[in-house]
Amino acid sequence: MAMILIGLDDTDNAESRGTGHLARQLSAECERRGLRPRGVTRHQFLVDPRIPYTSHNSGACVAVEGDGRPEPAAFAFDFVAARAALGSDPGVCVASSGAVAPEVVAFAVEATRRVVEMAEAVELAGRAGLAVRPLGGTGLGVIGALASVGLRAGGSEGRFIDLPGLRELAARVTLGTLGRLGIRVECRGSSRAGAADDACETLGWVRPRLVAGGPVLPVQWSDEHDAWVPVDRRTLRSGR
């Protein structure tokens, strides 16, 4: 089954839930419509005073399995438009993963390093044949929507904020439990090798990195917890 990627950005305001929350709602709706969830990723772009953003200038990408055609996910445009916060500037991109050209991935990487313009995103999407739409306000969210799809397709820059079973993890689990969710665990900073029945203290926040297209969780040994603990910890608004 081929993946469909749905990028969204600038759907929130200072008082509303973040774009990541809406992306998880969208993923759940995709599942209700028969598309198999493959995780929601958060993608960080350049933070610069010249760029208008609500909190940290990050976008989100919903990945689902389908038959390779993006059309079954086209409902996402109306879904996001109906739920975006008042005063936001939402944009959405829907694409088959196989249709995301290298130049789109390159553009997405550029968005993490420099200020990119809305005209660049719109022109590139048209040239690459990807469906990208502004859904209100200035529509600046098309930049992050396209770039989120590009980074998810690139497979190496982002963080999973949702996977089936991820947010239902107990406070203390085994490494094997994480593996059964499809998460590759990397044990760092210890001479001991991680075993499937080793304990992992989740610290209430497990957000694997996007590495080589899949979820990877770096952990380190903690004598205090007598368990492995995630290397990455919660920061301001990072827990979306």
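Readers should treat all values here as calculations from the given coordinates under stated rules, not as data from a laboratory. Since we're looking at a predicted model, the values are computed, not measured. FYI the Cβ positions are ideal-geometry reconstructions off the backbone, even for glycines, and counts take in every protein chain you see.
Only Lys, Arg, Asp and Glu carry charge here, each on its Cβ (+1 for the first two, -1 for the last two); on that basis the range 163-240 has a dipole of about 500 debye about its Cα centre. Dipole of the range 85-240 computed with +1 at Lys/Arg Cβ and -1 at Asp/Glu Cβ about the Cα centre; of G137, W228, T174, farthest Cα towards the positive end is G137. Taking the helices alone, the chain has a mean residue ellipticity at 222 nm of -8000 deg cm²/dmol, built from -39,500 (n - 2.57) per DSSP H run of at least 4 residues and averaged over all its residues.
Ranking T41, H56, L124 by how far each Cα lies toward the positive end of the dipole of the range 1-132 (charges on Cβ) leaves T41 at the top. Can you figure out the FRET efficiency of D226 with N13, using R₀ = 35 Å and their beta-carbon distance, to the nearest 0.05? Efficiency for this residue pair is about 0.20.
Close amide H partners of A227, meaning residues 5 or more places away or on another chain with modelled amide H under 5 Å apart, are S222. Hey, if you put +1 on the Cβ of every Lys and Arg and -1 on every Asp and Glu Cβ in the range 62-159, which of L86, F107, A147 ends up farthest toward the positive end of that dipole? Checking the options against the dipole of the range 62-159, the answer is L86. If you line up the long axis of helix 19-32 against the longest principal axis of the chain, both from Cα atoms, how many degrees apart are they, to the nearest 10? It works out to around 90 degrees. Placing +1 on the Cβ of every Lys and Arg and -1 on the Cβ of every Asp and Glu, with no other charges, gives the chain a dipole of roughly 220 debye about its Cα centre.
From the convex hull of the Cα coordinates of the chain, what is the mean projected area in square nanometres? Write down the numbers at each step before the final one.
Working: hull surface 52.1 nm².
For the chain, averaging the hull's shadow over all directions gives 13.0 nm².
In units of 2.2 N^0.38 Å, what is the alpha-carbon radius of gyration of the range 164-230?
Working: Rg = 11.0 Å, N = 67, 2.2 N^0.38 = 10.9 Å.
Normalised Rg, Cα atoms only: 1.01.
What number, in percent, do you get for the relative contact order of the range 1-84 if the mean sequence gap of Cα pairs under 8 Å and at least 6 apart is divided by its residue count?
Values: 132 pairs, mean separation 36.7, N = 84.
Computed over the range 1-84, the figure is 44 percent.
Please label the shape of the range 79-172 as rounded, prolate or oblate, based on the square roots a ≥ b ≥ c of the eigenvalues of the alpha-carbon gyration tensor (a/c under 1.5 means rounded; beyond that, a/b larger than b/c means prolate, else oblate). In terms of gyration-tensor shape, oblate.
In order along the range 208-219, phi translates into HN-Hα couplings of x, 7, 8, 9, 6, x, x, x, 10, 10, x, 10 Hz, rounded to whole numbers, per the Karplus curve 6.51 cos²θ - 1.76 cosθ + 1.60 with θ = phi - 60° and x for Gly and Pro. If R0 is taken as 45 Å, the Cβ-Cβ distance between A119 and E31 corresponds to a FRET efficiency of 0.80. Relative to the longest principal axis of the Cα atoms of the chain, the long axis of helix 102-111 makes an angle of roughly 80 degrees.
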